[in-house]
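Engineer: After the structure tokens below, expect a handful of questions from me.
The values are calculated or read from the model by the stated rules, or taken from the named source; none is laboratory data. These figures come from a predicted structure and were not determined experimentally. Because the Cβ atoms are built from the backbone with ideal geometry, glycine has one as well, and the counts that use them run over all protein chains shown. Ligands, DNA and RNA are stripped out before the accessible areas are found, and what is left, the full protein with its side chains, is counted by its heavy atoms. Shrake-Rupley method; radii C 1.70, N 1.55, O 1.52, S 1.80 Å.
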Amino acid sequence: MDNGTNSPKVLVIPVEFNDVTAQSKGYTIEGVKNAFLPKSKTNVTLDYYSVYDYFYASSYGKLSLDITVCDSWFKPQYASTYYASYTEMDGQDEY
């Protein structure tokens, strides 16, 4: 980048488990976007920095993340408790 700014690409995939839904926790795709994207793109007033705004400010304008937030929830095959009990044994993944 000739302007001295880095713009790494970031993909955000919101996850919703079948036993703990996003709606039951009060989460929405728009809320996820507000948390990650620059305020200039979301046009909302937050009491906190978005992920983009935090890294941009912390880097003194040198890091400008190119963030894409998926428009729907990814729904894994198993319940959240299945993934919470994931272990690794002898270099083999145990599911």
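Engineer: Go through region 33-57 and count every residue that is open to solvent by 40 Å² or more (accessible area, probe 1.4 Å) and more than 17 Å from Lys9 (Cα to Cα).
Structural biologist: 9
Engineer: Could you grab the pairs with beta carbons closer than 6 Å, sequence gap of 6+ or different chains, first residue in region 1-30 and closer than 24 Å to Ser64 by Cα, second one at pLDDT 90 or above and open to solvent by 70 Å² or more (accessible area, probe 1.4 Å)?
Structural biologist: Pairs that qualify, where the first residue is closer than 24 Å to Ser64 by Cα and the partner is at pLDDT 90 or above and open to solvent by 70 Å² or more (accessible area, probe 1.4 Å), are Thr5/Lys62; Leu11/Thr68; Ile13/Phe74.
Engineer: Provide a single number: the residues in region 16-32 that are in contact with a Cys (Cβ under 9 Å, 6 or more places away or on another chain) and either open to solvent by 40 Å² or more (accessible area, probe 1.4 Å) or of a type in the set (Phe, Trp, Tyr) (or both).
Structural biologist: 0
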